[in-house]
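Please treat every number below as a calculation from the coordinates, not as lab data. Since we're looking at a predicted model, the values are computed, not measured. Positions of Cβ are backbone-derived with ideal geometry, glycine not excepted, and every protein chain shown enters the neighbour counts.
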């Protein structure tokens with residue numbers, strides 16, 4: 001069954017309307033999603049290579065687990081669910097630190113428009129790469145990388161999801 005998502009206005013407020021995810025993207029409605037960066041006690045970040053079948057940023061590396069906030073769900077609940085679905089890792093609300101919200105617009109085609117308010121979180125969890133079990137529909141692979149090395153990858157690589165402002169903010173907080 002397709003995810004149901006709450007429609008937002010251009011200021012990020014709920015309109016009271018709920019639609020299937022595909023209809024939201026087709027209409028270009030604003031909606032809420034999460035982006036969460038997971039860091040362990042060694043200051044290593046779980047990096048994920050997005051599936052080559054994704055419509056957006058296919059086969060690129062990211063430091064964020066991303067996902068839509070379902071109707072009736074909080075952003076924290078979406079973080080917990082998405083981390084578990086995509087990486088097989090259990091986190092609790094107390095592992096999450098809300099950082100900020102950003103607005104993003106990405107027009108892929110005339111019937112696939114992303115207008116998202118991303119709630120960005122940092123998840124602190126002592127995790128090893130052996131703990132990770134990737135969801136193959138979403139990801140190609142995952143690895144742990146020391147955050148300073150990620151910073152170099154961001155500056156010198158073409159296969160990273162473009163989020164320069166977010167990377168800089170995250171690295172300062174780690």
Legend entry - When residues of segment 55-69 are limited to those that are in contact with a helix residue (DSSP H, G or I) (Cβ under 7 Å, 6 or more places away or on another chain) and over 17 Å from residue 166 (Cβ atoms), the one surrounded by the most Cβ atoms within 10 Å (Cβ to Cβ): 69
Inset, instruction - Tally the residues that are touching a helix residue (DSSP H, G or I) at 6+ places or on another chain (Cβ under 9 Å), on the phi < 0 side of the Ramachandran plot and part of a loop (DSSP other than H, G, I, E, B), restricting the search to segment 25-54. - result: 1
Legend entry - Of the criteria (1) closer than 29 Å to residue 125 by Cα; (2) exposed (fewer than 14 other Cβ atoms within 10 Å of the Cβ), which one residue 37 fails: (2)
